[in-house]
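Report on the following structure.
No value in this document is a laboratory result; all are computed from the given coordinates. Since the structure is predicted, the reported quantities are computational estimates derived from the model, not experimental observations. Note that we place each Cβ from the backbone using ideal geometry, even for glycine, and neighbour counts take in every protein chain shown.
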């Protein structure tokens, strides 16, 4: 017997289909019992992953698809967003992103790369494989505050 349910949706790598991913995530997360705020976090993270695939995976001549896979467990939702387009160097990209790096008055927020920052900020776990194409693997635990499990609690006597 399988310990989880798995749902997969394939959409064309076009901006108009990002909403389909958001709706799928919303319905599945609701079914698991995530709160409204957690569902919003999940939708943002998933749509950022799908948007990155749509914008960066395929060039104009190559038509592709984005695959959204969701594994529903009792205590978590695992989301996998996959494309078979152009890859990128995650560590190199990560060094260049985020509103907290290289801030100056002319450019308070860096353009592009914010999606990776949001995914890491909103999800409990994010892993990215960039072999042939890009695979974004994200996990959100049910009933757990952001960062819980990552930081050791301080015990006061």
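List of remarks:
- For 7, 67, 25, 135, the sequence from fewest to most other C-beta atoms within 10 Å is 7, 67, 135, 25.
- Calculated FRET value between residue 40 and residue 132, using beta carbons and R₀ = 30 Å, to 0.05: 0.40
- Length available on full extension from residue 8 to residue 125: 0.36 nm per residue minus the Cα-Cα distance, which gives 40.1 nm.
- With the simple model of a label 7 Å out from the Cα in the direction of the Cβ, residue 20 to residue 114 spans 2.6 nm.
- Zone of residue 55's modelled label, taken as backbone nitrogen in the range 116-136 under 14 Å from a point 7 Å along Cα→Cβ: 116-119
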